[in-house]
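Undergrad: Before anything else, here's the structure in question.
Since every read-out is calculated from the coordinates, none of them should be taken as a lab result. Nothing here was measured: the structure is a model prediction, and the numbers come from that model. Here Cβ is always computed from backbone atoms with ideal geometry, including for glycine, and neighbour counts include all displayed protein chains.
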There are 2 protein chains.
Amino acid sequence: MFQIKARDGLGKIGKLEINGKTIETPTIMPVIHPDPDKQLVPMETVKKLADVVITNSYIIYSKPELREIAEKKGVHKLIGFDKVVVTDSGSFQLSVYGSIDVKPLEIVEFQEKIGVDVGTILDIPTPPYADRERAEKEMEETIRRGRESLELKRENNYKMLLNGTIQGSTYMDLRRRCAEIMGSMNFDIYPIGAVVPLLEKYDYKTLVDVILNSKMGLPTNKPVHLFGCGHPTLFAISVLLGCDLFDSAAYALYAKDDRYLTENGTYYLEDLKDLKQFPCSCPVCSEYSPREVYNMDKKEKEKVLAEHNLYVTFEEMSRVKEAIREGALWELVELRCRSHPRLLEAYRQALKYVEFIEKFDPVTKKSGFFYSGYESLFRPEVIRHKERIHRIRFEKIYITTVSKDVEKPYSENLKILPSDVDILVKDDVFGLIPLNIDLIYPLLQSEVPELYDIEKSHNKKFVKEFIERYKDRIMDIVTYNYYISYYNSKENKKKINSDIIKIDRMLQYQYGFKILDEEVIKRIIVRRSKRTGWIRNVLIVKDGEKKVLFTLRSYDNFLIPTAEGAKLLHSKIPYPKYRVVVDRSVERFAREGRSVYAKFVVDCDRDLRPYEEVLVVNEDDELLGYGTTILNGRELMEFNYGVAVDMRGGISDKEQ
Amino acid sequence: MFQIKARDGLGKIGKLEINGKTIETPTIMPVIHPDPDKQLVPMETVKKLADVVITNSYIIYSKPELREIAEKKGVHKLIGFDKVVVTDSGSFQLSVYGSIDVKPLEIVEFQEKIGVDVGTILDIPTPPYADRERAEKEMEETIRRGRESLELKRENNYKMLLNGTIQGSTYMDLRRRCAEIMGSMNFDIYPIGAVVPLLEKYDYKTLVDVILNSKMGLPTNKPVHLFGCGHPTLFAISVLLGCDLFDSAAYALYAKDDRYLTENGTYYLEDLKDLKQFPCSCPVCSEYSPREVYNMDKKEKEKVLAEHNLYVTFEEMSRVKEAIREGALWELVELRCRSHPRLLEAYRQALKYVEFIEKFDPVTKKSGFFYSGYESLFRPEVIRHKERIHRIRFEKIYITTVSKDVEKPYSENLKILPSDVDILVKDDVFGLIPLNIDLIYPLLQSEVPELYDIEKSHNKKFVKEFIERYKDRIMDIVTYNYYISYYNSKENKKKINSDIIKIDRMLQYQYGFKILDEEVIKRIIVRRSKRTGWIRNVLIVKDGEKKVLFTLRSYDNFLIPTAEGAKLLHSKIPYPKYRVVVDRSVERFAREGRSVYAKFVVDCDRDLRPYEEVLVVNEDDELLGYGTTILNGRELMEFNYGVAVDMRGGISDKEQ
Ligand SMILES: [Mg+2]
Ligand SMILES: [Mg+2]
Ligand SMILES: [Zn+2]
Ligand SMILES: [Zn+2]
C-alpha cells in the first residue's frame, strides 16, 4: 500500500502502509543488533529518530537464546522497538560464508512466526562481476525462491509483507529481467541486492546502472529498498533514481572503525582531534569536543560516534525530503555529487538515462532550475524543453540573440514589434527560447552563472538542427531585414493581438495541440494585472458574458484552466491526449470535483508527466473534471492505491 | 600579532593575539546588541560557541543609559562577554542614514575608553557602483581618518587594536590602492568594507573581485575581516580567498524574518513546516519539530531560529577549519559553490586570479586533489604543474598515451624499457605527466572521474605548445619507432639506472635545478622498500660510508632531505633559490635545528611557496639548517611574528 505525495526526478515522498502502521518514505532503517547487549546506540535515540528498523532474522534463528524470546514475545519485544520491524533473511551471511543452515522457506516461515512486519526471501546475492553463467543461475534460483515464498505467504495468509530482492550481479540485462519477473509477482517491496561490494569499491557508476536497470523493470507502484546502502553521501542520488528505503549498519560499523560520518564523506576521528569543535551540532557533538571523544575508552567512543553517525544520517534524509518538496532534488544531487569524483562520475552516468528519468520528472517545480555546472545541461528540464519546443506549430520564425545586459523575461523587458512572427532567442542552456513562452517554467525560473565558452557552444548542434528542420519557415537569423519588412508589410497590417498569440503558443507548448482556432480567437480577451502589467487571465466572451478560461499560475506561469477552459481543451485535444479515464463507478465523484483515486483509472494518456494539468473523462470521453495528475502515464496504469489526480473541479452532466 | 598555523589557498588557520587573549582564525563574531534586552540569543549560547564578538560602539555612544554603564564598567560587562570584544564605529549607520552625530576621532577615543579590544576607525562606506569621483573622494577621506586615528592611538598609547577598513567601492584599482596605503600604515586588522550591498544583490562575483584586489594590496601578515559577511554559504570561498574574520548579524536578522540558515542556503520556516524533522541536529532542532517552531509565538520563534542559525554558522566554520588542516579547502569550496549559480560564478571569477593565489597555495597537501567538475582544471595545483614541468631539463622526450585501464602510478604499473628517455603521458587534467615524477603530489594523489569530451580536449593547447617548445628534443609522439630504435642503440647501452634518472627528475621538479651531476650520480644508491617495492631512500657513498640524502615522504612522495641532502642541495642550487636567510643573532639556534621565527628572516627566495623544503642560511649563504617553510617568499619578508620555518635539522659549523 504505497502512494506518492510529492516528487522530483524518480524520487518521491511516499506513504507506505505496513500492517496498519504508516511510514513516510524515503527513510532509513537503522540496523539493530538482535542481541540487545550488542546494540551500540541506545534504543531511545533510535526510537526518537526512526519509524522503522531492520534486524537479522537469521541471527535470531541461529541463536537459541534470541530465538526463544522472539518466538515467545515476538521480534518487537526482543529488540525493544514497537514501530515497523523489517528483517533480513540471512542472505548477507550467505554472501560472506557461502552457505547457511536454514532452508529458504523455513526462514520466511520463521519471520512470520516472530511477528516481523516486512520479511525477506532468502535470495542469493551474486557479487558484482561474477561469471555471467553464475549470475544467471543464481538469479533464477532467487526468482524460484521468490515464487515459492510468495506462494507460502498466500497459502498461509501471512500478515507480514514480503521483500522480493532483485539480483543479477553487474549484468544489466539480468537486473532488468530479474526486476521484470519479480516485479510481475506482486511482492510488497523490492530490495536491490548485492550492491555492498560496489559501495566498498566506490563503484558508484555501476551502482547507478544497477539501480536504473532494476527500476526500468520494476513496477512503479512498489517501493524500492537499496539494500545495504547507509552512507548519507549516497542518499540524495539514490532517492533521485527512485530508491525509497535504506538501511544503515554504517552508523555502527564506521563507529567501530573510529570514523565520523558526514553528508559529504567520512573522517577519521584522528584527523578531527585538533579541531576546537566538531563540524556538527548534534547532541553528541554539542556535548563533547573532538579531543574529548578521541580520548574516550574504545567502548564509549564507539557509542558516541555511532550516535553522531545516526544523527547525521537522519539529518541528510530530512534534507533529501525537503528537496523533494521544494522540487530541488536535482540541485541537492548536483551539490552532493561534488563531494567525491566517483560520485560525480555516478551522476554523469545517471544523466545518460535522462530519457527514462524525464518521464517521471515533474513538468513544474516550486523552486527554480539552478545551474551548477556543465552537467546541468543534461538535466530533464532542459531535455524536455528541447523536445517540447517542437509542439509549437511555428509559421514565421526569427532567430536572434539578446544582449546579456537584458534581464529575463525578454518578452516583458524588450520592446517587441507586434506581429505573428515567433522570435526565438538563442540560449546557452535551453537552446532556443521562443519569446512567446519565455515566462513558463523553467525558462524564466532558472538561474545560470556566467558560462565558459565550452558551455556556450554546447547548443550549437541543437540550434543547427532546429534551423535545418524549420528552414522554410525561418525569415531571419540574427539580422532582421525580412522581419522588419514583413512587419511593415500589408500582410502584417491585419490587427495583431500579441497577447493572444502568446497565449496560443503557451497553450501549444503546454498541451501539444492548437487550442485557439480562429473562431475562439475572435472571442478571447487577455487581461493583464494592473499592478505588474503581466498577463494574468485569459477570458472568453460566451453568450455575451465574459468567462475566465485560464489563469497564469504565479510560480511557473502555467496556464491553469477553469471549468470553461477544461471544456475548451477537451474540445480541441484529441483523445486520449491529456486524458485520465476513470471507471463509471466514480464518475459521480469526479463530477463533484473529488480526488480521483489510482484504483479507478482505467486508461490514460501514457505520455503524461507528473504535475501536468489533465482532463478527467469517462470511457466515452465525456469530460468529468480537471485537475493535476500526481502520477505519470505509466504510473496511472500501475498504481491502485492513493490519489492519482488532484482535482481542481468537476463538470456536472448538465453543464455539458 | 598574527601567525599562520596551517593553510590552503589563501586560507589559513591563524593565531591572533589581542590584548593577551588568543583567538584562532578563521572565526566568526556574532553581532551582539549592546542593549542586553534586545539580544536574541542567550549569552550562554554565544559564550559556548564564540571566542570573539562584535558590537556597535556608536549605539553605545548614542544611548545615554548604555553609555553610562559602558563608561563605568566597560563594554565587556555591558554585554556580558569577557573574551574578545570588537566594535564597529558607526560607519554602518553612516551608510544607512548618510550622517551620524560623532566625530571620527571622538568615536575612536570612545572605543578605547570603554575597554574595547579591537576598535574601528570611522570609515566611509561607499556603496558599490557609486560614481568613481565619489568613491575616490570618500576613499581618501577614509585614509585620512585612518591616519589620524592611528596617530591618536600612538600618541595616547591605546591598548586596543585598531581596524583599518578598506574602501573604494567597486573600482578595483581604488580597492587595491586603498589597501596599499592603509596597508602601509600598520593597522592591526584590515576589514574589507561596504560589501553588504553586494551580498544583498547576490553579486558574489564582484565580491570576489573586491576581496582579491584588497588582498593584493594588503600586507600578508595582518588578518582580514570581511565586514558584514555572516552567511555560512560564503565562509568557505571567503576564507579560501584570504579572509580570516567574519561577523554575523545574519543569524539574528534572518531569524526575525522567519528564515532558517544552512551552509547551502536559506529556507523560510514556512517551507519546512511539513517536514517531520529539521535537516539539522543542533540542540534546538533536536528539541523541536518544524511544526512546533512554526506554531511558536513570534518572539519565541525568533529566539529559537536565531539559536539554530548561530549553531550552523559555527558548524560551517569548523568544517572550513577542518578542510584547511586537511588541505581540502579547494574541495570544500568547489562543493559549496554549487549551492547557488551566483556562487559558482564567484568561484569561476576567483579562478581567474589563480596566478596570484597559486603563490600562496601550499605545494603539498595531506589530502589528494579531487576533481569536482570542469572548474577543477583551473586550480593552482594544475597550473603549478604545468609551470613546473619546465623545471626538468628534458633531453630526449617520448610523448605517449596510456590506456585508461592502467592504474596510476604508471611508472610502477607499466613495464618500461630502461633508458634516459623521458616518457611523458598525456593527461586530461595535468596536461603531461613525466613518468619519472608521476609519484609526486598531486600527480598521483588525484581522483578524477570519467571526463566529458570537452574536458578531455582542454589540454590540447598545452600539449601543442609543449611540443612546439621542445620540438628538437622529441623523439616520438604516440608511436614509438625512434624510441625503440634508440633503446636498442649503442648509445643507450651504457649502463642506465632508471631509479637514479627518476630521482634526478624528481629533484629537478621539486627544486628547479639539476642536483645530481655526473660525479654525484656515480656514488648514489637508490633503495626500494622491501615490502612495497617502491623507492624509499636515496643514499650516497661518502668516505666509504653510505649516508641517506633523501627519503620519499609517504603521502606526497616529496624528496625530504637529511642534513647530508641539504648540503648537497646547498652546493647545487644557486643563491638565493630555496634559501631563507636569517639574522646572525639566531644563527646558533638555527644550527641547533630550532624553529626559525619570521622576525629574524632578513632575505629569502621570493618565489618560495608554502610547505616547500628550504635551506636556512646566514647572510654569507652558509648553511645553518633545513626545514619546511610555513610562509611563502612574500610572507617571509612581511611577517615578523610566529614561526617561519619548521626546522628538520641544523648544520653545526664544524660539519661544513
Ligand atoms: Mg529546482
Ligand atoms: Mg586536496
Ligand atoms: Zn554530531
Ligand atoms: Zn538546528
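Undergrad: Which trypsin sites (Lys or Arg not before Pro) does the stretch B:391-500 hold that lie in a coil by DSSP with at most 15 other beta carbons within 10 Å?
TA: Filter output for the stretch B:391-500: B:Arg393, B:Lys404, B:Lys415, B:Lys490, B:Lys494, B:Lys495.
Undergrad: Hey, another quick one. Hey, which aspartates and glutamates would be in cross-link range of B:Lys303, C-alpha to C-alpha under 18 Å, not counting anything within fewer than 8 residues on its own chain?
TA: Those aspartates and glutamates meeting the cut-off are B:Asp35, B:Asp37, B:Glu44, B:Asp257, B:Asp258, B:Glu270, B:Glu287, B:Glu292.
Undergrad: Put the label 7 Å from Cα along Cα→Cβ for A:Lys494; what are its distances to the other copies, in nanometres, shortest first?
TA: 9.1
Undergrad: Measuring label to label, 7 Å along Cα→Cβ, what does B:Asp607 give against each other copy in nm, shortest first?
TA: Reported distances to equivalent positions: 6.4 nm.
Undergrad: Turning to a different aspect of this structure: List the trypsin sites (Lys or Arg not before Pro) within the stretch A:596-636 that fall in a DSSP loop (any state other than H, G, I, E or B) and whose Cβ has at most 14 other Cβ atoms within 10 Å. Walk me through the intermediate numbers first.
TA: On the way: sites: A:Lys599, A:Arg606, A:Arg634; in loops: A:Arg606.
The qualifying sites are A:Arg606.
Undergrad: While we're looking at this one, here's another question. Spin-label point model (7 Å from Cα, Cβ direction): what's the A:Thr22 to B:Lys547 distance in nm?
TA: 8.1 nm
Undergrad: Give, in nm to one decimal, the length gained when the segment between A:Glu355 and A:Tyr555 is fully stretched (0.36 nm per residue of separation minus the Cα-Cα distance).
TA: On the way: separation 200, 0.36 × 200 = 72.00 nm, distance 2.56 nm.
69.4 nm is the gain from fully extending A:Glu355 to A:Tyr555.
Undergrad: Classify chain B: rounded, prolate or oblate, from the alpha-carbon gyration tensor (a ≥ b ≥ c, eigenvalue square roots; a/c under 1.5 rounded; otherwise prolate if a/b is larger than b/c)?
TA: prolate
Undergrad: Still on this structure, I have one more. Determine which residues of the stretch A:611-627 fall in the zone a paramagnetic label at A:Tyr575 would reach in this model, i.e. backbone nitrogen under 17 Å from the point 7 Å along Cα→Cβ.
TA: Answer for the stretch A:611-627: A:615-626.
Undergrad: Can you give me the relative contact order of chain A as a percent, contacts being Cα pairs under 8 Å and 6 or more apart? Don't skip to the answer; put the middle values down first.
TA: Working: 1297 pairs, mean separation 67.2, N = 656.
RCO, chain A: 10 percent.
Undergrad: For A:Lys276, give me every one of the lysines with a C-alpha distance below 17 angstrom, ignoring sequence neighbours fewer than eight places off in its own chain.
TA: Partners found: B:Lys5, B:Lys12, B:Lys15, B:Lys21, B:Lys47, B:Lys48, B:Lys83, B:Lys321.
Undergrad: Within the stretch B:532-644, how many Lys pairs that are eight or more residues apart, or on different chains, come under 16 Å at the alpha-carbon? Let's see the in-between values first.
TA: Details: B:Lys542/B:Lys567; B:Lys546/B:Lys567; B:Lys547/B:Lys567; B:Lys567/B:Lys577.
For the stretch B:532-644, the number of qualifying lysine pairs is 4.
Undergrad: Give me the inter-chain shielding for B:328-335: mean count of other chain Cβ atoms within 10 Å, whole number please. Walk me through the numbers on the way to the answer.
TA: Details: counts 1, 0, 0, 6, 3, 0, 3, 8.
Mean shielding count: 3.
Undergrad: Only four residue types carry charge here, +1 at the Cβ of Lys and Arg and -1 at the Cβ of Asp and Glu. Report the dipole size of the stretch B:341-467 about the Cα centre in Debye, rounded to the nearest 20.
TA: Values: 21 positive and 21 negative charges, 72 e Å.
That gives the stretch B:341-467 a dipole magnitude of about 340 debye.
Undergrad: Answer rounded, prolate or oblate for the stretch A:496-552, using the Cα gyration tensor with square roots of eigenvalues a ≥ b ≥ c: rounded when a/c is under 1.5, else prolate when a/b is larger than b/c, else oblate. Could the numbers behind the result be given before it?
TA: Details: a/c = 1.67, a/b = 1.08, b/c = 1.55.
Judged from the Cα gyration tensor, the stretch A:496-552 comes out oblate (a/c at least 1.5, b/c at or above a/b).
Undergrad: May I ask you to derive the FRET efficiency for B:Ser289 and A:Val463 from their Cβ-Cβ distance with R0 = 35 Å, giving the value to the nearest 0.05?
TA: Details: r = 50 Å, r/R0 = 1.43.
Calculated value: 0.10.
Undergrad: Which number gives the lysine pairs in the stretch A:363-487 that have C-alpha atoms under 15 Å apart and are eight or more places apart or on different chains?
TA: 14
Undergrad: Using a Förster distance of 45 angstrom, determine the FRET efficiency expected from the C-beta separation of B:Arg391 and B:Arg154, and round it to 0.05. Kindly include the intermediate steps, with their values, before the conclusion.
TA: Working: r = 47 Å, r/R0 = 1.04.
Efficiency computed from Cβ-Cβ geometry: 0.45.
Undergrad: Would you mind checking the tilt of helix A:460-469 against the longest principal axis of the Cα atoms of chain A, expressed as 0 to 90 degrees and rounded to 10?
TA: Its long axis makes an angle of about 50 degrees.
Undergrad: To continue, here is another question. So which lysines can A:Lys63 reach, going by Cα to Cα under 18 Å and dropping same-chain residues fewer than 8 places off?
TA: Within the straight-line cut-off, A:Lys63 pairs with A:Lys38, A:Lys72, A:Lys73, A:Lys77, A:Lys103, A:Lys113.
Undergrad: Per the helix-only calculation at 222 nm, which mean residue ellipticity applies to chain A, given -39500 (n - 2.57) for every DSSP H run of n ≥ 4 and division by its residues, nearest 500 deg cm²/dmol? Could you put the intermediate results ahead of the total?
TA: Details: 29 runs with 254 residues, N = 656.
Computed mean residue ellipticity for chain A: -11000 deg cm²/dmol.
Undergrad: Restricting the count to DSSP beta bridges whose residues both fall in chain A, what percent are antiparallel, rounded to a multiple of 5?
TA: Values: 48 of 81 bridges.
Taking every DSSP beta bridge with both residues in chain A, the antiparallel ones total about 60 percent.
Undergrad: State, to one decimal in nm and shortest first, how far the label point of A:Arg147 sits from each corresponding label point in the other identical copies (label point: 7 angstrom along Cα-to-Cβ).
TA: Ordered by distance, the counterparts are at 9.4 nm.
Undergrad: Let me ask something else. Can you give the FRET efficiency for A:Trp534 and A:Asp620, using 1/(1 + (r/R0)^6), R0 = 45 Å, r = Cβ-Cβ distance, to the nearest 0.05? Mind showing how you got there, number by number?
TA: Numbers: r = 39 Å, r/R0 = 0.88.
Here the calculated transfer efficiency is 0.70.
Undergrad: If we count every other residue with Cβ under 14 angstrom of B:Lys471's Cβ, Lys/Arg +1 and Asp/Glu -1, where does the sum land?
TA: Around B:Lys471, the surrounding residues sum to -1.
Undergrad: May I pose another question? Along the Cα-to-C-beta direction of A:Lys366, a point sits 7 Å from the Cα; which residues of the stretch B:257-279 have their amide N less than 13 Å from that point?
TA: B:267-276
Undergrad: Tell me the GluC sites (Glu not before Pro) within the stretch A:43-145 that lie in a loop according to DSSP and have at most 10 other beta-carbon atoms within 10 Å.
TA: Working: sites: A:Glu44, A:Glu65, A:Glu68, A:Glu71, A:Glu106, A:Glu109, A:Glu112, A:Glu133, A:Glu136, A:Glu138, A:Glu140, A:Glu141; in loops: none.
Answer by residue number: there is no such site.
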